[in-house]
Amino acid sequence: MAVEATHDHQAVGVAIVGGGPTGLFAGLLLHRLGVSVCVLDAKPRSLELGRADALNARTQQYFEVAKILEDLLPLGLKCSTSSTFGNGEFKSRQNKWWVSLEHTLHKNFLMLGQPVIEKLLSSELGDLVHYGEQVVSIYEHDESVDIITSSGRRVRSRYVVGADGARSAVRKHMGVTFTGTKPEMVWAVLDTFIDTDFPVCPEIITFEIDSQSRVSWIPRERGLSRFYVLLDGEVTQERAQESIKRHMTPHRVEFQRTEWYSTFEVKERVASCFISKDGSGRIILAGDAAHVHSVNGGQGLNTGIADAFGLAWRLAAVVNVPSSLRADAAGKLLLSYDIERRGTAQGVVDVAAALVRDTVHEAKQYVGTIEKNAVSDHLYDRAHIAGGYHIAKNNKNNTIIDQRPN
Ligand SMILES: Cc1cc2nc3c(=O)[nH]c(=O)nc-3n(C[C@H](O)[C@H](O)[C@H](O)COP(=O)(O)OP(=O)(O)OC[C@H]3O[C@@H](n4cnc5c(N)ncnc54)[C@H](O)[C@@H]3O)c2cc1C
């Protein structure tokens, strides 16, 4: 059933609340699959600085499918090794966790800031993205959902994707719980240009002093450096820069221009259900709106992109070809998204939690945790639609949905 536009409502198949990486990628995939979409974002324009910094192997494959990877590759920096330095001396270098990755074409991180990704996705969507539109009201009906923004824009859609970030108003509207742990850790993050006599090469470097690794240096596009710094006591840019200098001693470091400084407090939470009405509704969460965790391991943006991929094909199947689905199949197909992605989110939270707690241990242990989990298969959920058969399997090869035509 199509929803009808009225004199004051725009009508689309899927309305997306939130134009971060998750909402934009979901919008782009749905648009490519022939679903009418609109993306509503509260901020005035696409992100300009900071936040996520790396595309993992799987995200690069998803972007390849969406035909946008070729635009990003020349802009980013490939990175597949990490080193540890302790008390001013080189200790170890490893790349086993990348070269041993299975089922991937790109065995490296592509270091590239979130603003570049958002800008590209937004430009691909063109006038389907509306900035300065904060969603303030949502009304879910049996056959449609109405949303209203702060500017008075009204959109009626068959489904809504809530990709409005960690403080999601959509999630609050759904009334699902968002519980978890908060390990009382605040990190400083800097995007900065430095002048140094440290032997620079494009790899992730973890610095250790007295068997604690509290500074990580991530190489970035344009010669930019991303630093993560864990401090005791007050967290300020000045103290973070002092800590970086101390960890890189005996090498000289001058901070030339800091483009972005921020802090983030680690929280580990997963929404109790990703779909409204206990799994039977029309509002579906994705990305940070559905799960948050430490940024260690670089999984925030990447997990949101995988959510968008897992959701878009299912929503397109439901919106585009409802007659080919048995009456209850649409609900089951969407429910399989909740089962698949909620399980993955919990796995990501667990890995990021282990990484963030390893930080105050030796760098070798930290890298060991990355290595152990980089090849684990919890991210490898599989699903496909073929010849009218809708079958999804989880990583244990158990069928989580098997919906065949009558
Ligand atoms: C300070 C900070 C630093 C970070 N650093 C890193 C990092 O170093 N590495 C890393 O991997 N990840 C990092 N992250 C996490 C990463 O940025 C997120 O995981 C990623 O952005 C998730 O994408 P998303 O699209 O799900 O949500 P978001 O990017 O949060 O996008 C949500 C969007 O929804 C919009 N929105 C919110 N409410 C409404 C509303 N009511 N109506 C309409 N629009 C709305 C917002 O404007 C925003 O554009 C950081 C996050 C923060 C906040």
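In whole Å, what is the distance between the alpha-carbon centres of region 161-219 and region 24-70? Taking the Cα centre of region 24-70 as reference, the centre of region 161-219 is 21 Å away. The residues packed around LYS119, meaning those with a beta-carbon under 12 Å from its beta-carbon, carry a net charge of -3 if Lys and Arg are +1 and Asp and Glu are -1. Under a 5 Å amide H cut-off, with hydrogens placed 1.01 Å from N, GLY281 pairs with SER276 among residues at least 5 apart or on other chains. With contacts defined as alpha carbon pairs under 8 Å and 6 or more residues apart, what's the relative contact order of region 132-236 in percent? Answer for region 132-236 is 18 percent. Other residues within the sphere of radius under 15 Å centred on the Cβ of ARG45, judged by their own Cβ, net out at -2 (K and R +1, D and E -1).
Please give the contour-minus-distance gain from GLN212 to LYS277: 0.36 nm per residue of separation, less the Cα-Cα distance, rounded to one decimal in nm.
Here the segment from GLN212 to LYS277 would lengthen by 18.8 nm.
Viscosity 1.002 mPa s, temperature 20 °C: give me the Stokes-Einstein translational D for region 202-350 in µm²/s, with Rh taken as the Kirkwood radius over C-alpha pairs. Once the numbers are plugged in, D ends up at 116 µm²/s. Two-decimal Rg/Rh of region 154-277 from alpha-carbon positions, Kirkwood Rh? Taking Rh as the inverse mean 1/r over Cα pairs, Rg/Rh reads 1.13. Along its first, second and third principal axes, ordered by size, region 1-111 spans 69, 32, 22 Å in Cα coordinates.
Listed cross-link partners LYS43/LYS172; LYS172/LYS267; LYS119/LYS332 are compared with a 29 Å cut-off, the Cα-Cα value being larger for LYS119/LYS332. For region 56-129, the fraction of alpha-carbon pairs lying more than 17 Å apart is 55 percent, rounded to a whole number.
Each reported figure results from applying straightforward, stated rules to the coordinates on display, with no laboratory input. Treat the numbers as computed from the prediction; the structure is a model and nothing was measured. Here the Cβ is made from the backbone with ideal geometry for all residues, glycine too, and neighbour counts use every protein chain on show.
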